[in-house]
Amino acid sequence: MSAITAAALVVVATLLAVNLQNNDDAIRDTQLVAQLTGTDTVLRVMASYNPGEQTVRVNRTGGVPRDGRSLQLWLIAGDNPPVSLGLLPDASSGELTVPETALERLASDAVLAISDEPFGGSPTGQPTGAVLVTGSLTEI
């Protein structure tokens, strides 16, 4: 097991422990997690979906946006067009509120992706920059 994988598992376990301690409803809801990685980037992001709060918690364990650019998180479910879940926070971790239009699509086997976008996000509502990392959501 690589050091990055081991660190990612620790982060996921910590995020889940915090989610479960802070929200009794989360115990009854299925949690989804994804490790977003790519081959040509140092960007690494762990994401966990909390259905009780309808939020995605992100933890960037490597990489930063380029100057004047933003990192935007996308949900890709089946053949549907990508749906923006928002911009990654400047801090290494934070939460994004899932838009109503994306709630029913957040399921195991959906894919999360992060693209490099102009500062403030995609001007078109679809990814316009390079997709840097991806990861499939998995139930835990």
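The table for this structure:
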item	result
Order by protection proxy (mean Cβ within 10 Å, highest first), peptides 101-107, 30-36	30-36, 101-107
Full-stretch length increase - Gln54, Asp109 - with 0.36 nm per residue and alpha-carbon distance subtracted	18.0 nm
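Only the coordinates and a few stated rules stand behind these numbers; no lab work does. All of these numbers come straight from a predicted model, not from anything done at the bench. Cβ: placed from backbone, ideal geometry, glycine included. Neighbour counts: every protein chain shown.
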